[in-house]
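The next block holds one structure in the form of structure tokens; read it before the comments.
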Amino acid sequence: QWDFDFDLVKKYIQVVYNSGIDAVEVGYRSLNYDNYYGSCYYCTEDFINSLGIPDDLLVSVMINASEIVHHYECGQDLIDSLFLEKYQSRIDIVRIAVDLKDINKIFPAVNNLKRKGYKVCINLMKITLISDEDLLLSLELLASNCHVDVFYIADSFGNLSETNMLEKLKLVKTMQNLDVGVHLHNNQGKACSNALCAYKNGVEWI
């Protein structure tokens, strides 16, 4: 429930840093207070600043597109409520988790985050349910309406094979000026092998 022990979070970040990894995602950024979900669900500036993160380790947080869309439909800009200008924040990277049906509703959020100075990643969820045609259409819509730095395919059910993962990544790589990433779940024990496969095939964002 994102409510990790504070010392565990600090230890985890230090291990990531010592491993030579360039960026660490510390959790979500959200305004969803219907329940308390733990510090790593909200990742406030005060919480992030309290973690003693090394200056040369990039910091990422994730936001849910469903929350963006809900606020947008209510006439509110969630991004302005959640994020300072980049120069005022320890956060470097914002990753947006989005379902296929909402891909065309997040362009204003992406553009606002870019204006604020953040690197922006799109995390397309449930990739094993998405056809190649719909994947390419999503990429074309993004390219026409906003600038995304990294496009992740998300193995939300943990059932992505290495072969299928590489085929999907090859499609994403057809888009110029776009880094690719994989977001892996371990439901079927494939996350580690898929991560190694992605790394060996030139994927830098894992």
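The values are calculated or read from the model by the stated rules, or taken from the named source; none is laboratory data. Remember, predicted model here, so these are calculated numbers, not experimental data. Methodologically, a virtual Cβ is constructed for each residue, glycine included, from the backbone with ideal geometry; neighbour enumeration extends over all protein chains shown. Note: areas computed on protein heavy atoms with side chains; ligands, DNA, RNA excluded. Shrake-Rupley method; radii C 1.70, N 1.55, O 1.52, S 1.80 Å.
Describe numerically, in nm with one decimal, the distance between label points set 7 Å from Cα along Cα→Cβ at Ser81 and at Asp7.
3.7 nm
Just the number: Rg to Rh for the chain, Cα atoms, Kirkwood Rh, two decimals. Can you show the working numbers first?
Numbers: Rg = 16.7 Å, Rh = 17.7 Å.
Result: Rg/Rh = 0.94.
Alpha carbon centre of segment 138-170 versus segment 72-97: separation in Å?
Going from one Cα centre to the other spans 22 Å.
Work from the charge dipole of the chain (Cβ charges, +1 for Lys and Arg, -1 for Asp and Glu, about the Cα centre) and give the residue of Tyr33, Leu113, Ala23 farthest towards its positive end.
Positive-most Cα among the choices belongs to Ala23.
On average, how much accessible surface per residue is there in the chain, in Å², for a 1.4 Å probe, leaving out ligands, DNA and RNA? Don't skip to the end; give the middle numbers.
Working: 10730 Å² over 206 residues.
Ligands and nucleic acids excluded, the result is 52 Å² per residue.
What is the calculated FRET efficiency for Ala195 to Cys74, with r their C-beta to C-beta distance and R₀ = 30 Å, to the nearest 0.05? Walk me through the numbers before you get to the answer.
Working: r = 38 Å, r/R0 = 1.27.
After rounding to 0.05, the efficiency reads 0.20.
Take each uninterrupted DSSP H stretch in the chain, measure its Cα extent along the helix axis, and return the ones at 24 Å or beyond whose mean Kyte-Doolittle hydropathy is at least 1.6. Mind dumping the intermediate values first?
Values: long enough: none.
Qualifying helices, which must be both long enough and hydrophobic enough, do not occur.
Kindly report, to the nearest 10 Å², the accessible surface of Thr128 as traced by a 1.4 Å probe over protein heavy atoms only.
Here the accessible area works out near 50 Å².
Distance in nm between label sites at Asp102 and Glu140, each 7 Å beyond Cα in the beta-carbon direction?
2.4 nm
Determine the distance separating the Cα centre of segment 1-69 from the Cα centre of segment 114-128; give it in Å without decimals.
Centre-to-centre (Cα) distance: 16 Å.
Setting aside same-chain residues fewer than 8 positions from Lys11, which lysines have a Cα under 26 Å from its Cα?
The qualifying lysines are Lys86, Lys119, Lys190.
Please work out the FRET efficiency for the pair Asn111 and Glu133, using the Cβ-Cβ distance as r and a Förster radius of 22 Å; give the result to the nearest 0.05.
On the way: r = 26 Å, r/R0 = 1.17.
Calculated value: 0.30.
Quick one: if you stick a label point 7 Å off each Cα along the C-beta vector at Asn159 and Asp34, how many nm between them?
Placing both labels 7 Å along Cα→Cβ, they lie 2.7 nm apart.
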